[in-house]
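A short write-up of the structure that comes next.
Any read-out appearing in this document is the output of simple, stated calculations on the displayed coordinates, not a laboratory observation. Because the structure is a prediction, the values reported are computed rather than measured. Note that we place each Cβ from the backbone using ideal geometry, even for glycine, and neighbour counts take in every protein chain shown.
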Amino acid sequence: MSIAELIKPHIRDLAPYVPGKPMEELERELGISHSIKLASNENPLGPSPKAVEAMREAAGEIHRYPDGASFALRKKLSGRLGVTEEQLVFGSGGDEILELIAKIVMGPGDEVVYAWPSFAMYPIVVKGMGAKGVQVPLTEGFVHDLDAMAAAVTDKTRVVMVCNPNNPSGTTVGAAEFDRFVRALPDDVVLAVDEAYFEFVRRDDYPDVVSLMDRRPGTLVLRTFSKIYGLAGIRIGYAICDAELASFLERARHPFNVNRLAEVAALAALDDEDHARRTIEMNTTGIDYLTTELHRLGIETWPSEANFILARTGGQVFDALLSEGIIVRPMAGFGLTEHVRISVGLPEENERLIKTLAEIRGHDPFPGEAAI
Ligand SMILES: *Cc1c(COP(=O)(O)O)cnc(C)c1O
């Protein structure tokens, strides 16, 4: 028997996750410097300086195993969120929370309902357990089709995932439609709402899923320190859910899944309100700027409540940008061959992107200044 034959068929058949191209790799390939990466929804301001300082101080302690219960972080975050300490589960990034959910409820024969296009990790974790992903297409406006998702639930459904805001479209669902959806769901499925971008949301009718947990056990909210707090590289995220569901997730995780530096960084970042506020302000300005300028170039976009924007730039634009040292995320893997996802960058990065796009598309990048 070959090694490949030893591998479980559902693992052998997995399509690997394709991450955003690292800047170092692009610069090596093109022999350039000063490339910019607007591909992975990272915080363009960098991490909270307080988090960096906390990690520096903790570095001398990394010969010790971390606090497996994340006691200090649990205490602070539960107070902040108004939930009990037993309602929190920490993971090595939100991605690990997805894996833990998969591990405790998904197996061969099970179905998991999620929208598509949505977060690329969903099919990976679902198929990785041998379960079946039931992909419900977004509406024409690239919003979750919650009625169709509720209708897709069968007695084989174990989990329904809702990504709000949705990655890669940036679109959201509001409280009224979400409530209707929840009422249509049977109680014996896990409802997992991925709120990786909730801090960036502007609409005031954003669903308050945490308050739903008393009424509907089996509801889980996923959040991360990777996006607003700029801690993507140290890996920490968490789940908020009812204490019983949390107790099963706790059983499935490795005892030291959150490393020592990640815990202190997250703790410090929560206290750095200035960094969080500046991040949100810069993002809001960036989304508005990109939306206006992309429209000016005749490029269609979708209303984004996150830190990225989906844009229909036309085919080949990904490669053209790449050769100019600008990394965005191609969407061909989702069947969207004319679209790219652009993460909001620093103001000068956003401007460079727009200027380069204008040149690629043969527009005058500075229309107001053109001589007649
Ligand atoms: C970034 C992201 C996550 C979690 O990322 P981690 O870095 O693993 O915390 C989860 N869901 C969505 C939709 C994301 O975009």
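Looking at the chain, send over the antiparallel percent of its DSSP beta bridges, to the nearest 5.
In the chain, DSSP labels about 45 percent of beta bridges as antiparallel.
Packing-based ranking of 183-193, 236-246 yields 236-246, 183-193, ordered from highest to lowest mean Cβ neighbour count within 10 Å. Remark on Glu300: its backbone amide H falls under 5 Å from those of Arg312, a criterion applied only to residues 5 or more positions apart or on other chains, H modelled at 1.01 Å from N. At q = 0.09 Å⁻¹, what is the base-10 log of I(q)/I(0) for the stretch 49-269 according to the Debye formula with one equal point scatterer per Cα and no solvent? Please give it to two decimals. Relative scattering, expressed as log10 I(q)/I(0), comes to -0.35.
Judged by the gyration tensor of its Cα atoms, with axes a ≥ b ≥ c, the stretch 235-328 is prolate; a/c meets the 1.5 cut and a/b is the larger of a/b and b/c.
Close amide H contacts of Leu220 (hydrogens built in the peptide plane, cut-off under 5 Å, sequence separation of 5 or more or a different chain): Leu191, Ala192, Val193. If you average the C-alpha positions of the stretch 58-136 and of the stretch 274-299 separately, how far apart do those two centres end up, in angstrom? Rounded to whole Å, the Cα centres lie 30 Å apart.
Between Leu45 and Arg28, with labels modelled 7 Å along Cα→Cβ, what's the label distance in nm to one decimal, could you check? If labels sit at Leu45 and Arg28, their model points lie 3.2 nm apart. Counting neighbouring Cβ atoms within 10 Å and putting the fewest first, the residues Lys75, Lys50 line up as Lys75, Lys50. For the stretch 136-151, the Karplus equation 6.51 cos²θ - 1.76 cosθ + 1.60, evaluated at θ = phi - 60°, returns couplings of 9, x, 4, 5, 4, x, 6, 10, 3, 8, 5, 5, 5, 5, 4, 5 Hz by residue, with Gly and Pro reported as x.
As a test, work out the antiparallel percent of DSSP beta bridges whose residues both lie in the stretch 49-269, rounded to the nearest 5. About 35 percent, rounded to the nearest 5. A Förster distance of 51 Å, applied to the separation of the beta-carbon atoms of Ile280 and Arg12, puts the FRET efficiency at 0.75.
By the helix-only formula, in which each DSSP H run with n ≥ 4 contributes -39500 (n - 2.57) and the sum is divided by residues, the chain has a 222 nm mean residue ellipticity of -11000 deg cm²/dmol.
Centre-to-centre separation between the Cα atoms of the stretch 234-254 and those of the stretch 307-341: 35 Å.
What fraction, in whole percent, of alpha-carbon pairs in the chain exceed 36 Å separation?
Values: 16696 of 69006 pairs.
Every Cα pair in the chain considered, those over 36 Å come to 24 percent.
The peptide list 160-166, 79-85, put in order of mean Cβ contacts within 10 Å with the highest first, becomes 160-166, 79-85. Applied to the stretch 306-312, the Karplus parametrisation 6.51 cos²θ - 1.76 cosθ + 1.60 on θ = phi - 60° returns per-residue 3J(HN,Hα) values of 10, 10, 8, 9, 8, 9, 8 Hz, with x for Gly and Pro. Within the same chain, lysines fewer than 8 places from Lys227 are excluded, and of the rest, those with a Cα less than 17 Å from its Cα are Lys37, Lys50.
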